[in-house]
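Peer 1: My structure is below; once you've seen it, I'll send some questions.
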């Protein structure tokens with residue numbers, strides 16, 4: 001797996017989250033995903049299925065009329081061997097969540 005593929009996968013994930021496109025979003029994940037939100041929520045990384053991740057995100061984002069997730073500053077490394085291809089990476093994620101106010105206008109959440 002090359003660096004560009006990892007970056008494109010991350011970008012696709014953000015795009016499909018913001019488009020609320022569950023069918024495409026599930027395709028960017030492996031069968032099991034280690035999800036690390038420790039910098040956001042503390043705790044420990046967890047391994048989840050794509051369905052469980054998408055379920056949680058749909059619940060969390062359902063309060064917003066619109067979202068935009070931008071991913072940059074990709075640092076991607078690989079310790080691939082012929083039998084295993086673990087990928088480690090770090091990226092900066094910036095997000096903007098909008099709600100509809102009582103006048104029907106989008107406002108920052």
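The values are calculated or read from the model by the stated rules, or taken from the named source; none is laboratory data. Keep in mind the model is a prediction, meaning the values are calculated, not measured. Don't worry about glycine lacking a Cβ; one is built from the backbone with ideal geometry, like all the others, and counts go over all protein chains shown.
Peer 1: Among the strands (runs of 3 or more DSSP E) lying completely within the range 1-88, list those that include at least 1 residues that are modelled with pLDDT under 90.
Peer 2: By residue number, 33-35, 66-78.
Peer 1: Would you be able to say whether some residue in the range 66-78 is more than 15 Å from residue 95 (Cα to Cα) and free of Cβ contacts under 8 Å to residues at least 12 places away in the same chain?
Peer 2: No, that holds for no residue.
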